[in-house]
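A.B. asks: Got a structure for you, written out below as structure tokens; questions coming shortly.
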Amino acid sequence: MFSNNDEAVINKKLPKELLLRIFSFLDVVTLCRCAQVSRAWNVLALDGSNWQRIDLFDFQRDIEGRVVENISKRCGGFLRKLSLRGCLGVGDNALRTFAQNCRNIEVLNLNGCTKITDATCTSLSKFCSKLRHLDLASCTSITNLSLKALSEGCPLLEQLNISWCDQVTKDGIQALVRGCGGLKALFLKGCTELEDEALKYIGAHCPELVTLNLQTCLQITDDGLITICRGCHKLQSLCASGCSNITDAILNALGQNCPRLRILEVARCSQLTDVGFTTLARNCHELEKMDLEECVQITDSTLIQLSIHCPRLQVLSLSHCELITDDGIRHLGNGACAHDRLEVIELDNCPLITDASLEHLKSCHSLERIELYDCQQITRAGIKRLRTHLPNIKVHAYFAPVTPPPSVGGSRQRFCRCCIIL
């Protein structure tokens, strides 16, 4: 039921074109409410031009296939961006209707839509040739057939996320890159069947690649990643955390071939040493974020090189790097990045770190957060002194239990380790 507001002042004063423009800034919920105000607003609010970008994540539990079909019929060729992240009730049939109706779609997020199969990618390939960004993370029924279909029908694809699609192998990657040579971002986290051969195809066919995530791709070795470095000189972000077979050869290859590198995540890569990080730091001066957690062989020498050669460093994780000492933190605190850039430093389980390190970090005026879990030589007093210089910093730390008082009445109170967030 609509009210009789069609003759309201706002409708008389503002032309429909201007009202339509105003509605274009509203979210899905507000548009639906406006559609119930009057017949005039219903027409304007439901105009396809207002439905170019839709994110249904907040309603994921209520979204079923018929909702997606209705949206696709309403939006038609206007829709450019749709997120169905986490919508478990949406399957292949609904997405086929969607693909047929919304042929101008450029960005599609199906992360966690576990009902979809290769049939969805076949539909996208057939009808959605303008697709640029596609997220299929955790769609575990996806196989090499999907990548082959995308290669044939979506030549403009720039970003693809198939993390945790563990049925994908090198054959699928080979098919994908031959038709989608313009890929700039590829997320392969948890694709445990991938081998070095897959990376060789990427290195040979994707010269525009900027971002690559290979986290927990356990079969990857130096051979595959070196091919990436040699073929993808524009690489800015690499995640190889959990790829425990890689060595300093990777750091050398990055230093020699990828000078634009900004983000490097190599947590749990225990074979990496100071030698490799020295080469990297001396050649990759744009580094902003480094995750070196459990790179157990690195010492203060790595921090010295980073402090000298990487003035843009903002986030650094050194958790479980047990050879790091106060001297390394001193160099970092005096480095080019310290005063205006460094925002986060993680030092969990660094047993040689003491309150002296906190003194060295007082000059890091941009520092927002420091992690000190299980740094047993850090004290409350040291943290308090740091906060006098950096009052807005968040400090996460564990402290040893307080010595319990003598038992009273035959019972003894138990004390556990406590976490503080200051």
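A.B. asks: What residue among L56, L303, L235 shows peak mean-square fluctuation when the chain is described by a Gaussian network model with Cα springs under 10 Å?
C.D. replies: Result: L56 has the largest fluctuation of those listed.
A.B. asks: Over the chain, with the other protein chains present, what is the accessible area per residue in square angstrom, probe 1.4 angstrom?
C.D. replies: 46 Å²
A.B. asks: How big is the antiparallel share of DSSP beta bridges in the chain, given as a percent to the nearest 5?
C.D. replies: Just about 10 percent of them are antiparallel.
A.B. asks: So which of K81/K115; K81/K234; K189/K394; K170/K394; K115/K234 end up more than 32 Å apart by C-alpha?
C.D. replies: As for pairs spanning more than 32 Å Cα to Cα, those are K170/K394; K115/K234.
A.B. asks: Round to the nearest 10 and report in Å² the accessible area of K73, as given by a 1.4 Å probe over the protein chains' heavy atoms.
C.D. replies: 130 Å²
A.B. asks: Let me check something: with ligands and nucleic acids excluded, how do F78, F25, F57 order by accessible area (1.4 Å probe), largest to smallest?
C.D. replies: F25, F78, F57
A.B. asks: Another question, then. Mind telling me which of N392, N11, N93 comes out most flexible in a GNM of the chain, alpha-carbon contacts under 10 Å?
C.D. replies: Judging by the Gaussian network model, the answer is N11.
A.B. asks: Here's a follow-up. Report the residues of segment 128-156 in range of a label on N93: point 7 Å along Cα→C-beta, backbone N strictly under 11 Å from it.
C.D. replies: Counting backbone N atoms under 11 Å from the label point, the list is empty.
A.B. asks: Measure nothing fancy, just the Cα-based angle from helix 144-153's long axis to the longest principal axis of the chain, in degrees from 0 to 90, nearest 10.
C.D. replies: The angle comes out at about 60 degrees.
A.B. asks: Mind putting together the pair-distance distribution for the chain? All Cα pairs, 20 Å bins, whole percent per bin, short to long.
C.D. replies: With a bin width of 20 Å, the distribution comes to 23, 39, 31, 6, 0.
A.B. asks: Next question. Among S38, S49, S237, which one shows the biggest mean-square fluctuation in a GNM of the chain, springs joining Cα atoms closer than 10 Å?
C.D. replies: Its mean-square fluctuation being the largest, the pick is S38.
A.B. asks: Separate question: In terms of the Cα gyration tensor, with a ≥ b ≥ c the square roots of its eigenvalues, is segment 284-399 rounded because a/c is under 1.5, prolate because a/b exceeds b/c, or oblate?
C.D. replies: oblate
A.B. asks: Using a/c under 1.5 as the rounded threshold, could you call segment 1-145 rounded, prolate or oblate? The axes a ≥ b ≥ c are square roots of the C-alpha gyration tensor eigenvalues, and prolate needs a/b larger than b/c, oblate otherwise.
C.D. replies: prolate
A.B. asks: For E17, E265, give the ranking by accessible area with the largest first, probe 1.4 Å.
C.D. replies: Heavy-atom accessible area, descending, gives E17, E265.
A.B. asks: Over the chain, with every protein chain in place, what whole percent of the accessible area is carbon and sulfur at 1.4 Å, could you tell me?
C.D. replies: Carbon and sulfur together cover 49 percent of it.
A.B. asks: Now, a different point. Keeping every protein chain in place, order K126, K170, K81 by accessible area at 1.4 Å, biggest value first, i.e. largest first.
C.D. replies: Sorted by accessible area, descending: K126, K81, K170.
The values are calculated or read from the model by the stated rules, or taken from the named source; none is laboratory data. All figures in this text were calculated on a predicted structure; none of them were measured in a lab. A quick note on method: Cβ atoms are made from the backbone with ideal geometry, for glycine too, and the neighbour counts reach across all protein chains shown. Side chains are part of the model used for accessible areas, which takes the heavy atoms of the whole protein and leaves out ligands, DNA and RNA. Shrake-Rupley method; radii C 1.70, N 1.55, O 1.52, S 1.80 Å.
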